[in-house]
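Worksheet: one structure, shown below.
The values are calculated or read from the model by the stated rules, or taken from the named source; none is laboratory data. Keep in mind that this is a model prediction, so the values were computed, not measured. Don't worry about glycine lacking a Cβ; one is built from the backbone with ideal geometry, like all the others, and counts go over all protein chains shown.
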Amino acid sequence: MIWVLIAAGTDTSAGTMEWALSLLLNHPESQKKARDEIDRIVGHGRLISDADLPQLPYLQNIIKETLRLFPAGPLLAPHFSSKDCTVQGYRIPKGTMLLINAHAMNRDPLLWKEPESFMPERFKEEEEDGGGAFMPFGKGRRSCPGQAMALHVVGLALGSLIQCFEWERVDRGEMVDLTEGEGITLPKVIPLEALCKARPVMSGVLSQLI
């Protein structure tokens, strides 16, 4: 059980980080906007902290948009029907396993404007959430118990990478491949490779970490 909890937390968070960086490499303007926000709120004298995350809405929106396009769990945790019922003409017997296809809902053009596009701005001030369809961790009593921790871990890690380094594609003339692989955590077919350069303004902070 302990191993399951560790694997569930590390694999999904690492995968979300990889997808987020891939998207930011293909959209450098979003990377710059996030970095400018961090510089304005946090500055250059320290690393981003847990207390800073609520003050960084654009960074949070990047994470949300990443989870919309590439949810760590494309099929949410299974549920079982407690009784016989009919939903939109489909008869569902008692005891039937039910899975919510979050990946399909997150790309439904009836729910989202330009669903295939990376647009962190769509979550500005909760203006758009797909009519309640955005649920990367599920909803209700059986939603993922690690949701708060996952968002904090990814927020701190991604924020620190954006704050301390400038990221570029290995081949500037070619976009990062976003082909999805097979697996319950939706891995990338081609693992991410990127170039990073430490920001001179963060040299003082980075030197303290060595």
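Tabulated results
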| quantity | calculated |
| --- | --- |
| Residue in region 169-180 that is over 21 Å from Gly15 (Cα atoms), part of a helix (DSSP H, G or I) and not aromatic (Phe, Trp, Tyr) present | no |
| Complete set of residues in region 75-103 that are under 28 Å from Leu151 (Cα atoms) and touching an Asp or Glu at 6+ places or on another chain (Cβ under 9 Å) | His103 |
| Cβ-Cβ under 8 Å pairs, at least 6 apart or on other chains, region 148-173 side over 17 Å from Arg46 (Cα atoms), far side among the β-branched types (Val, Ile, Thr) and buried (at least 18 other Cβ atoms within 10 Å of the Cβ) | Ala150/Thr12; Ala150/Thr16; Leu151/Ile63; Val154/Thr16; Val154/Ile63; Arg169/Val176 |
| Residue check for Ala77: in contact (Cβ under 8 Å) with a residue 40 or more places away in the chain, within 20 Å of Asp11 (Cβ to Cβ) and loosely packed, with under 14 Cβ neighbours inside 10 Å | yes |
| Count of region 37-74 residues which are exposed (fewer than 14 other Cβ atoms within 10 Å of the Cβ) and either under 21 Å from Cys144 (Cβ atoms) or touching a Phe, Trp or Tyr at 6+ places or on another chain (Cβ under 8 Å) (or both) | 2 |
| Residue within region 182-201 that is acidic (Asp, Glu), modelled with pLDDT under 95 and either closer than 26 Å to Val42 by Cβ or out of contact with any strand residue (DSSP E or B) (no Cβ under 6 Å at 6 or more places or on another chain) (or both) present | yes |
| Answer residue from region 170-201, given it is more than 24 Å from Ala72 (Cα to Cα) and of a type in the set (Lys, Arg) and is surrounded by the most Cβ atoms within 10 Å (Cβ to Cβ) among those | Arg199 |
| From the options Met149, Met135, residue that is surrounded by 17 or more Cβ atoms within 10 Å (Cβ to Cβ) and in contact with a helix residue (DSSP H, G or I) (Cβ under 8 Å, 6 or more places away or on another chain) | Met135 |
| Test: residue in region 125-132 that is over 22 Å from Ala72 (Cβ atoms), assigned to a helix (DSSP H, G or I) and either at pLDDT below 85 or touching a Phe, Trp or Tyr at 6+ places or on another chain (Cβ under 6 Å) (or both) | yes |
| Gly95, sole failed condition from (1) on the phi < 0 side of the Ramachandran plot; (2) in a loop (DSSP other than H, G, I, E, B); (3) not aliphatic (A, V, I, L, M) | (1) |
| Matching residues, region 131-152, being within 17 Å of Phe70 (Cβ to Cβ) and of a type in the set (A, V, I, L, M, F, W, C) | Ala133, Phe134, Met135, Phe137, Cys144, Ala150, Leu151 |
| Residues being under 23 Å from Ile184 (Cα atoms), of a type outside the set (Gly, Ala, Ser) and surrounded by 10 or more Cβ atoms within 10 Å (Cβ to Cβ) - total across region 81-101 | 5 |
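Okay, residues lined up against (1) touching a Gly at 6+ places or on another chain (Cβ under 8 Å); (2) polar (S, T, N, Q); (3) farther than 29 Å from Glu193 by Cβ:
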site: Leu99; (1), (2), (3): no, no, yes
site: Leu110; (1), (2), (3): no, no, yes
site: Pro120; (1), (2), (3): no, no, no
site: Ser143; (1), (2), (3): no, yes, yes
site: Ala148; (1), (2), (3): no, no, yes
site: Ala157; (1), (2), (3): no, no, no
site: Ile162; (1), (2), (3): no, no, no
site: Glu180; (1), (2), (3): no, no, no
